[in-house]
Amino acid sequence: MFYYIIKHIAKESEGTTVIYIITYLLRIIKSLSKFLFKVQCFLVNRYMANSPSDNPVSEKYRALKIDEMPIIEKRQLYDYKHLLSDYLEKQGKPLKPIEHRGNNIPPQGTVCPVCNAPAEYIYDNTGGRGQFKCKVCNSTLNPHSAYLEKLNLKCPH
Ligand SMILES: [Zn+2]
């Protein structure tokens, strides 16, 4: 199991790996929990055919039900150089970088997680409340959790 995780880490890029590790660790915890239940049954000399279920026994405790894992998909990523040349072909003029004014400028070294555009194309989108927007691909980003923009988290239901 751990070999599989390490093999997977080697394949993935650094940002998205954390999400996959958490998913695998949660699955491991879930399977270990079922294994421990079997061991406990063995230790008390009592055999129970069914392992504990995640479904609530009583309707009153439905709020305590654990949701299924979200579906994690990789988002389609772009190259800002291709997007800029496409813009030049369509519009007939190059897309100008942003002249940052005021205090709400993106932190130094910020790049768009979707198209890899440098900070010259990223502007403040919410008046200093932390969300930025890429002028090239129009995706929003938070510099502190930019790796999440590379993934699509979907509801499993
Ligand atoms: Zn972008």
Added length on full extension, which subtracts the Cα-Cα distance from 0.36 nm per residue, SER85 to ASP67
2.1 nm
Highest first, please rank the peptides 135-145, 34-44, 114-124, 73-83 by the mean number of other Cβ atoms sitting within 10 Å of their residues.
114-124, 135-145, 73-83, 34-44
Collect residues whose amide H, placed 1.01 Å from N in the peptide plane, falls under 5 Å from the amide H of ALA117; neighbours closer than 5 in sequence don't count.
TYR80, CYS112
In whole Hz and in residue order, list the ³J(HN,Hα) couplings for the range 28-41 that follow from phi through the Karplus curve 6.51 cos²θ - 1.76 cosθ + 1.60, θ = phi - 60°; x for Gly and Pro.
5, 4, 5, 5, 5, 4, 5, 5, 4, 4, 4, 5, 4, 4
Long-range amide H partners of VAL136, meaning residues 5 or more apart or on another chain whose placed amide H is closer than 5 Å, are none
Pairs LYS90/LYS135; LYS34/LYS74; LYS30/LYS74; LYS81/LYS154; LYS93/LYS150; LYS90/LYS133: which exceed 26 Å Cα-Cα?
LYS34/LYS74; LYS81/LYS154; LYS93/LYS150
ILE28-LYS154 pseudo-label distance in nm [points 7 Å out on the Cα-to-Cβ vector]:
2.7
For the range 76-91, Karplus couplings with θ = phi - 60° (6.51, -1.76, 1.60), whole Hz, Gly/Pro x
5, 9, 10, 10, 4, 5, 5, 5, 5, 6, 5, 4, 4, 5, 6, 8
Most exposed to least, judged by fewest other Cβ atoms within 10 Å, LEU148, LEU153 sort to LEU153, LEU148
Diffing the range 107-119: the Karplus 3J(HN,Hα) column from phi (6.51, -1.76, 1.60, θ = phi - 60°), in whole Hz with x for Gly and Pro, holds x, 4, x, 5, 10, 5, x, 8, 10, 6, 5, x, 4
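No lab work stands behind these numbers, since they all come straight from the coordinates. Predicted model, so just to flag it, every value in this text is computed and none were measured. Because the Cβ atoms are built from the backbone with ideal geometry, glycine has one as well, and the counts that use them run over all protein chains shown.
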